1. State which stretch of the chain is the longest one without any exposed GluC sites (Glu not before Pro), exposure meaning a DSSP loop state and at most 13 other Cβ atoms within 10 Å.
2. Defining a contact as two alpha carbons under 8 Å apart and six or more residues distant in sequence, what relative contact order in percent does the stretch 85-166 show?
3. 5 Å is the cut-off here: which amide hydrogens, built 1.01 Å from N in the peptide plane, fall below it relative to SER230, excluding neighbours closer than 5 in sequence?
4. Taking the Cβ of ASP85 as the centre, find all other residues whose Cβ is under 14 Å away and add up their charges (Lys, Arg: +1; Asp, Glu: -1).
5. My understanding is that a pair violates if its Cα-Cα distance is over 23 Å; which of LYS295/LYS323; LYS16/LYS201; LYS271/LYS294; LYS232/LYS294; LYS273/LYS294; LYS201/LYS232 do that in this structure?
6. Once you list every other residue whose beta carbon is under 14 Å from the beta carbon of LYS298, what net charge do they have if Lys and Arg are +1 and Asp and Glu are -1?
7. In deg cm²/dmol and to the nearest 500, what is the mean residue ellipticity at 222 nm of the chain if only DSSP H runs of at least 4 residues count, each as -39500 (n - 2.57), divided by the residue total?
8. I need LYS298, LYS201 ordered by Cβ neighbour count within 10 Å, fewest first.
Amino acid sequence: MQTTVTGIDVGTYHVKVVIAQRNDDERPPRILGTGYAESRGMRHGYITAPGETARSIAAAAAQAAKAARVRVKSAYIGIGGAGLDEYTARGETVVERGDSLVSERDLPRALAAAAAALPPSATLNRRILHQIPLRYFVDGTRVLGRSPVGMKCQRIGVEALFVTCLERHVGDLVQAVEEAGIAVEDIVAAPIAASFVALSKMQKRVGCVLANIGAETLSLIVFEDAVPMSVKVFAVGGTDITNDLALSLRIPPEEAEQLKHGAILGTPYPKRKVEDVAAKRMTEMFKLVEAHLKKIGKNELLPAGVILTGGSSALQSAADLAKAVLRLPSRLAESHGPQRMQLQDSTWTVAYGLTIWGLTSGGDLEGNNSSDWLDPLRSLWRWLKKFLP
């Protein structure tokens, strides 16, 4: 039986669509087609004009459908705007069985208790997108391992990470997708989707931070022991570098954007000044990352370091600046298949990751099933690049 899924990444500047298919006896899925369109009606990763965004989504989906020769009826949608946030809470419940053995039925009850312990501000006008168990407790003692199932205790507890988004932002996104004639299968936090493609099992296990530098947002996801322990989005991105260059050099933003990416040859502007302006803003971005890592107690404590992805991650010296500011190993996102191919366009990690989420029925946020076929799957980037614009 063949399973075909579609992932749609609605970014501030571009909408990207990936259609993938997997047979029951086929380990890595096969990419059927991709689509790409300029975003309309977006600001800082959230929708301001659903009708305009719907037209962008429809255009990108039509392009992908034409390449894949399938009709896009439904899709998994990524959300990563400035309204994305995180909360942690702890809850516990009485073990259900009379013999005090923890069963699978107890775990969702403990997770529900943790959700009930969230402060009102965590759920007021917000929707919980993901509930991720971080650690379990039996009678108040932390469990060393993934699951307490089979252990004996009176009370089972869990500390969990809750990834939330503003309800209005989710509603506008769903409206835009449905206006484009596509049903929404699931809404996934963009940093989580990107992690399925941009990070290896080893990086997640030993500890790392994936920093996605988009046009108007900087999104982070921090992993430790193969579990995402923090998700954060800042309203800053590559557009800020463009604006800084425009103001500093007194040039139009369009010219500054080309200059930022080195698209202008024989420029009269001093190369050193251009680099200094960009470096100053990038340094400020990485200081935000540093402050967040300090807040969660992981500053300088992630052996796999920082992995950069997104449109502005390819700017010259970005990795070096991240290494200097964060005092951690730093590199651009790369594939982890046998070819170990460098990702030529890491802006597709979210859309591609969404198809993996769909094909694995929500993936595995605790990292228990990702190694066997997700690592070889990343080598499909070589094939996918043939379809990139």
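Values in this text are rule-based calculations from the coordinates and carry no lab data. On a predicted model such as this, the values are computed, not experimentally measured, just so you know. FYI the Cβ positions are ideal-geometry reconstructions off the backbone, even for glycines, and counts take in every protein chain you see.
1. Working: sites that count: GLU26, GLU96, GLU104, GLU300.
Here the longest segment lacking exposed loop sites spans 105-299.
2. Details: 179 pairs, mean separation 37.6, N = 82.
Value for the stretch 85-166: 46 percent.
3. VAL222
4. On the way: positive: ARG126, ARG127, ARG168, LYS232, LYS295; negative: GLU86, GLU167.
Spelling it out: positives minus negatives among the neighbours equals +3.
5. Values: LYS295/LYS323 19 Å; LYS16/LYS201 25 Å; LYS271/LYS294 34 Å; LYS232/LYS294 13 Å; LYS273/LYS294 31 Å; LYS201/LYS232 21 Å.
Too far apart for the 23 Å limit: LYS16/LYS201; LYS271/LYS294; LYS273/LYS294.
6. Working: positive: LYS204, LYS232, LYS294, LYS295, ARG327; negative: GLU86, GLU224, ASP225, GLU290, GLU300.
Summing Lys and Arg as +1 and Asp and Glu as -1 gives 0.
7. Details: 13 runs with 138 residues, N = 389.
Mean residue ellipticity at 222 nm (helix-derived): -10500 deg cm²/dmol.
8. Numbers: LYS298 18, LYS201 15.
Result, fewest neighbours first: LYS201, LYS298.
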